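Worksheet: one structure, shown below.
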Amino acid sequence: MKTSMRIFTILNIPIELDISFLILLLFIYALAILTIIPLQLAVLITLVFATVLIHELSHSYVAQHYGVDIERIVLLPIGGVAQMGKIPKNPNQEILIAIAGPLTNIIIAGISYITYLLLLPIISGFISSFIAEFALVNIVLALFNLLPAFPMDGGRVLRAFLAKKMDYVKATELSVSVGKIFAIIMATAGIFVNFFLILIALFIYIGAEQEYKTTMISSLLGGIKVKNIMTSDVKTISPQIGVDEALEKMFKYKHMGYPVIEKEELKGIVTFHDLSQVTKENKKVKVANVMSKTLITTSPSEEVIVALEKLTKNDLGRLPVIYDGKLVGIISKTDIIKIMNLMKNKAR
Ligand SMILES: [Zn+2]
């Protein structure tokens, strides 16, 4: 389900607001109108979100410069997320992309502080204190993002520095560990200082774990094509045979899913799960009636990581491999996981 709406486009990047973000903003302004919180605070929060957007745009701008595709920027109550294509594994470029965000916050803080000093003698204390607060918030945002822990920008900078000295996967492992230790220390401090720290620590810990997984997957599978690991000797099933016969075949070959082929053409895919749904009395029903006809396929030259995305996104166990309109192989999630484990052991 799509929970965000597009508001405008900058630098060819669609900017989207998450629904929860809209609700939060409305809630804040409702509180301000009811004079539960000062209007000044509501405006400050809005400006902070604008800053978060500028922060993400800075990352995106530098990333675009290095040829990275930016799919969109989504604003959430916890901050912004720039969804990017593959970030170059060039440490120097990665550092520049990561540092651009916090650097922008420091520049905004600097400009606000100078404005504060210049306006101090001429305008009311109310507006100048507002500008000073805004400068302070930007410093806090910059420092927070520079924490050397994933998913913060500082975590990426740390990994890039480490990647100059060691293998990319090892650099990721090490910086993820640093991030987790950091989160544990933060959570422990939170017990004594402020409960909010525990929440941030949890956010960092989960983010570190996620970064570890995605980086591992993309670096372990990077460059491997479907044709390198697919099974070419595919066992297929005819749509015209009965469910009972198909089940017999499954027990014989011990695979859980089969492409359904008629006259060399792929008609569907049938899994053990589909067949086991059929009741005993209906076992003579044809495979054509129980197979899944929505076909999501891959090709021999497709990257395995793309095939894995298709599997995960559609909650599938296997994809038929099609070349020139013909079935040339099959690739399963189990095959991909096996290859990942193999590459992992090789990397050690
Ligand atoms: Zn950032």
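Some values worked out for this structure:
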quantity: Descending principal axes extents, region 226-347, alpha-carbon based, whole Å; calculated: 52, 31, 25
quantity: Reciprocal of mean inverse Cα separation for region 152-221 (Kirkwood radius, Å); calculated: 12.5
quantity: Partner lysines for K284 [C-alpha distance under 24 Å; skip if fewer than 8 residues away on the same chain]; calculated: K235, K249, K252, K254, K263, K267, K293
quantity: Largest to smallest principal axis extent of the C-alpha atoms in the chain, angstrom; calculated: 89, 52, 44
quantity: Kirkwood-based shape ratio for region 251-323, expressed as Rg/Rh from alpha carbons; calculated: 1.00
quantity: Of V290, V137, V52, the one that fluctuates the most in a GNM where the chain has Cα springs shorter than 10 Å; calculated: V290
quantity: Length-normalised contact order of the chain in % [C-alpha pairs under 8 Å, at least 6 apart]; calculated: 10
quantity: Net charge, N12 excluded, C-beta distance under 15 Å - Lys, Arg +1, Asp, Glu -1; calculated: -2
quantity: Burial ordering of T236, T215, fewest other beta-carbon atoms within 10 Å first; calculated: T236, T215
quantity: Fraction of beta bridges assigned by DSSP in the chain that are antiparallel (%, nearest 5); calculated: 85
quantity: Mean separation of Cα contacts under 8 Å, 6 or more apart, over the residue count of region 123-214: relative contact order %; calculated: 24
quantity: P(r) histogram, all alpha-carbon pairs of region 192-246 included - 10 Å bins from 0, percent; calculated: 17, 20, 18, 18, 15, 9, 4
quantity: Dimensions (Å) - region 77-236, Cα atoms, principal axes, largest first; calculated: 81, 38, 36
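Quick note: the coordinates plus some simple rules give every number you see, no bench work behind them. It should be emphasised that the depicted structure is a prediction, and the values quoted were computed from it without experimental measurement. Heads up, the Cβs are rebuilt from the backbone with ideal geometry, glycines too, and the neighbour counts pull from every protein chain shown.
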